[in-house]
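Below is one structure, written out as structure tokens; comments come after it.
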Amino acid sequence: MLKIGSYEFSSRLLLGTGKYPDFDIQKKAVDVSGTEVLTFSVRRMNIFEKGQPNFLEKLDVKKYTLLPNTAGAKTAEEAVRTARLARASGLCDMIKVEVIGDFQTLLPDPIETLKASEQLLDEGFTVLPYTSDDVLLAKRLQEMGVHAIMPGASPIGSGQGIINPLNLSFIIEQAAVPVIVDAGIGSPADAAYAMELGADGVLLNTAVSAAKDPVKMARAMKLAIEAGRLGYEAGRIPKKRYASASSPLEGMSTI
């Protein structure tokens with residue numbers, strides 16, 4: 001069970017809602033993924049214009065917890081304003097804090113992320129900050145009281161997978177809150193690897209929505225995350241330099 005603040009989820013896959021070819025494919029992908037959390041950019045949604053089409057119109061939103069994010073924010077002030085807007089519209093008090101510091105790499109601004117997270121915690125939000133794989137930043141955010149840490153595996157939408165497993169493992173080892181690997185996941189192997197490292201969940205979007213077959217990829221990601229978690233809990237064997245026979249030599253026939 002994945003616990004984030006007062007929320008509990010059976011699925012460890014958090015799914016983004018952008019970039020799908022059409023709403024029907026999106027709905028099918030969401031259904032087969034088994035996700036219970038859908039994330040989206042508040043700035044890209046017509047939350048107050050009921051007559052405008054949006055990604056929710058094909059989905060039974062009662063089945064999901066909506067996780068609005070502050071994508072597009074360049075400062076803590078902008079992020080806080082966006083979070084307040086999402087809560088005022090009745091979406092959710094859980095917010096993914098995303099403050100981008102560089103719009104070429106889409107890497108988060110650590111200082112503004114800290115500021116925004118602190119302000120939103122003071123205002124009673126359930127705060128999930130998107131960060132780089134900076135181990136000390138993750139530690140500071142936890143000490144501040146955030147409800148989950150969301151380090152990127154690699155740049156947003158790059159599909160490069162986990163490029164710094166060492167830092168990610170350090171973040172997971174010291175974590176007192178759930179660690180959700182976010183951004184850069186490209187394949188089911190990447191998702192499984194994140195879970196084998198001990199992550200509590202994976203948030204992804206482009207890997208599914210931009211796949212040749214988003215519906216099949218959504219199912220693949222679901223299974224990969226489940227397998228990765230089981231593998232982590234089971235405990236893998238240590239790597240050895242030389243071979244080790246599966247069958248003992250004692251008692252074997254000498255004929």
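The values are calculated or read from the model by the stated rules, or taken from the named source; none is laboratory data. Values in this document were obtained by computation on a predicted structure and should not be read as measured data. Virtual Cβ from ideal backbone geometry, glycine too; neighbours counted across all protein chains shown. Ligands, DNA and RNA are stripped out before the accessible areas are found, and what is left, the full protein with its side chains, is counted by its heavy atoms. Shrake-Rupley method; radii C 1.70, N 1.55, O 1.52, S 1.80 Å.
Observations on the model:
- Spatial offset of region 180-250 relative to region 90-156 amounts to 25 Å, using the alpha carbon center of each.
- Applying both filters, DSSP loop and at most 15 other Cβ atoms within 10 Å, to the chymotrypsin sites (Phe, Trp or Tyr not before Pro) of region 82-142 gives Phe103.
- Stretch gain in nm, segment Ala189-Glu233, where the contour uses 0.36 nm per residue and the Cα spacing is subtracted: 14.1 nm
- Label-point gap, in nm, between Lys240 and Lys216 - each point 7 angstrom along Cα→Cβ: 3.8 nm
- 10 Å binning of all Cα-Cα separations within the chain, expressed as whole percents from 0 upward: 7, 31, 35, 16, 5, 3, 2, 1, 0
- With contacts taken as Cα pairs under 8 Å and at least 6 residues apart, the chain reaches a relative contact order of 18 percent.
- Note on the chain: with neighbouring protein chains present and a 1.4 Å probe, carbon and sulfur make up 52 percent of its accessible heavy-atom surface.
- Accessible surface area normalised per residue over region 2-234 is 44 Å², counting heavy atoms of protein chains with a 1.4 Å rolling probe.
- With a simple spin-label model that places each label point 7 Å from the Cα along the Cα-to-Cβ direction, the separation between Ala176 and Gln104 comes to 3.8 nm.
- Extension gain (nm, one decimal) between Arg43 and Thr75, 0.36 nm per residue minus Cα-Cα: 10.1 nm
- The Lys139 and Asp22 beta-carbon pair, evaluated with R₀ = 35 Å, returns a calculated FRET efficiency of approximately 0.25.
- Legend: residue pairs Lys96/Lys239; Lys3/Lys239; Lys19/Lys63; Lys216/Lys239; Lys3/Lys74, Cα-Cα distance threshold 27 Å; pairs beyond threshold, Lys96/Lys239; Lys3/Lys239; Lys216/Lys239; Lys3/Lys74.
- Take every DSSP beta bridge whose two residues both sit in region 2-234; close to 20 percent of them are antiparallel.
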